[in-house]
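Undergrad: A single structure is presented below for examination.
The values are calculated or read from the model by the stated rules, or taken from the named source; none is laboratory data. Since the model is a prediction, treat every value here as computed from it, not as a measurement. Glycine also receives a Cβ, built like all others from the backbone with ideal geometry; neighbour counts cover every protein chain displayed.
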Amino acid sequence: MSLALVVLILASFVAGAQNALAGGGSFLTFPALLYAGLDPRAANITSAIALFPGQVTTAFAGRSMLSSAAGLSIRTLIILSLTGGALGAILLLLTPVSVFTHLVPYLVLFATVVFAWGSFFRKARAADAPPQVSPRTAAILQFCIAIYGGYFGGGIGILMLAALTAAGLAVRHAGATKNLLSGVMNAIAVLIFIAKTHVDWLIVLYVAIAAIAGGQLGVFLLRRINETALRIGITAIGLGLTVALFLKAA
């Protein structure tokens, strides 16, 4: 077993645990896939496919806490997520590898800033707080977030949490609804990626199994780990990756 494969499996295991605890797992799988020799677009696609099974199990576990937002039904939110996710995936496939490689440092920087903002600066909303946005605005926000999710997806959870809580959901229900919508937008993106690109299924299998196993550990540790330290670690990884990618692109 090569060193790159060992690094990829370990990174995927920790990524699965991170996603179960606080999100940000793609900050580990993406650079590990780059280290394994994939180009940035292939690494992004492979990461999305491999982490998808964990999203499904997480969404299923929280199905009892799903909730409509700002007058938009779950069905409407799912349709918006499917449409936006499909559009984002198509845009990714239409983006030349060279162009996407140039965009990646900026996408990772954006995702890192979003994650840090959501982790340390975003104010929690009271459970009975009224919606801050109209149904139309909530629909537009979800559609735009879904496009970004299908295209890249880093920091997508924090973006949706912010949008859903602004639409009037309590954090607990926003988290469960976010998990479902993340799975939905990635489901359509994954189907498009599988149909239109060459996928290295052996690498996907390694990442998926390790991430699912890590997710089980993450659930076990959910009440036993310092979440602030975890979020600091994820943010540091994102910043380090951003710097490395900008230096490589220079």
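Undergrad: Which one of these is crowded, with 22+ Cβ neighbours inside 10 Å, out of contact with any Leu (no Cβ under 7 Å at 6 or more places or on another chain) and part of a helix (DSSP H, G or I): 48, 86, 43?
TA: The unique qualifying residue is 48.
Undergrad: So, one more: If I ask for residues that are surrounded by fewer than 19 Cβ atoms within 10 Å (Cβ to Cβ) and at pLDDT 90 or above, which ones from the range 206-230 would you list?
TA: Matches in the range 206-230: 206, 209.
Undergrad: When residues of the range 159-175 are filtered for being aliphatic (A, V, I, L, M) and surrounded by 22 or more Cβ atoms within 10 Å (Cβ to Cβ), how many remain?
TA: Total meeting the criteria: 7.
Undergrad: Going by the conditions given, is residue 159 under 17 Å from residue 87 (Cβ atoms) and either touching a Lys or Arg at 6+ places or on another chain (Cβ under 8 Å) or at pLDDT 80 or above (or both)?
TA: yes
Undergrad: Among the helices (runs of 4 or more DSSP H) contained in the range 138-225, which hold 1 or more residues that are among the charged types (D, E, K, R) and closer than 24 Å to residue 120 by Cβ?
TA: Where helices (runs of 4 or more DSSP H) fall fully within the range 138-225 and carry at least 1 residues being among the charged types (D, E, K, R) and closer than 24 Å to residue 120 by Cβ, they are 171-196.
One line per residue, one yes/no per condition, for (1) farther than 24 Å from residue 98 by Cα; (2) at pLDDT 85 or above:
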residue: 1; (1), (2): yes, no
residue: 5; (1), (2): yes, yes
residue: 12; (1), (2): yes, yes
residue: 17; (1), (2): yes, no
residue: 32; (1), (2): no, yes
residue: 41; (1), (2): no, yes
residue: 44; (1), (2): no, yes
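Undergrad: For the structure I just gave you, tell me whether residue 80 is among the aliphatic types (A, V, I, L, M), within 22 Å of residue 139 (Cβ to Cβ) and assigned to a helix (DSSP H, G or I).
TA: So residue 80 passes the test.
Undergrad: Does the range 189-205 contain any residue that is surrounded by 23 or more Cβ atoms within 10 Å (Cβ to Cβ), within 17 Å of residue 79 (Cβ to Cβ) and in contact with a strand residue (DSSP E or B) (Cβ under 9 Å, 6 or more places away or on another chain)?
TA: no
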